[in-house]
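Visitor: This is the structure I want to talk about, given as structure tokens.
The values are calculated or read from the model by the stated rules, or taken from the named source; none is laboratory data. Just so you know, these numbers come straight off a predicted model, no measurement behind them. Every residue, glycine among them, receives a Cβ derived from its backbone with ideal geometry; neighbour counts consider all protein chains shown.
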Amino acid sequence: VPTLWYGSLSDSSLITEEYILQMANQYFNPGAIVIGHLNYLPVTHVYPQLVDLIRSRNLRTVTLNDVYLKP
């Protein structure tokens, strides 16, 4: 199934923790597929804040297999 993402943490290069949180705030929305790369340490430093944002918006993480594969 062709699938496109809508949003990125923009962490494919070295960016600040603040910018990662700005991107998460912009793109963590219902139905959004958001890409994160985990190439650099700043994203690991803001992980608790990312989890808090997901929970505060009543979102959950899934894999594409979770969405497209039949049980």
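Visitor: Would a scan of the range 45-60 turn up a residue that is surrounded by 10 or more Cβ atoms within 10 Å (Cβ to Cβ), at pLDDT below 95, of a type outside the set (F, W, Y) and assigned to a loop (DSSP other than H, G, I, E, B)? Reasoning before the result, please.
Guide: Filtering the range 45-60 for residues surrounded by 10 or more Cβ atoms within 10 Å (Cβ to Cβ) gives 45-47, 49-55, 57, 59.
If we keep only those that are at pLDDT below 95 too, we end up with none.
There is no residue in the range 45-60 that is surrounded by 10 or more Cβ atoms within 10 Å (Cβ to Cβ), at pLDDT below 95, of a type outside the set (F, W, Y) and assigned to a loop (DSSP other than H, G, I, E, B).
Visitor: Could you run through the range 1-33 and say how many residues are over 12 Å from the mean Cα position of the chain (by Cα) and either crowded, with 17+ Cβ neighbours inside 10 Å or in contact (Cβ under 8 Å) with a residue 24 or more places away in the chain (or both)?
Guide: Result for the range 1-33: 9.
Visitor: With respect to V46, determine if the residue is touching an Asp or Glu at 6+ places or on another chain (Cβ under 7 Å) and not charged (D, E, K, R). Quick ask: steps written out before the conclusion?
Guide: Numbers: touching an Asp or Glu at 6+ places or on another chain (Cβ under 7 Å): yes; not charged (D, E, K, R): yes.
Criteria met by V46.
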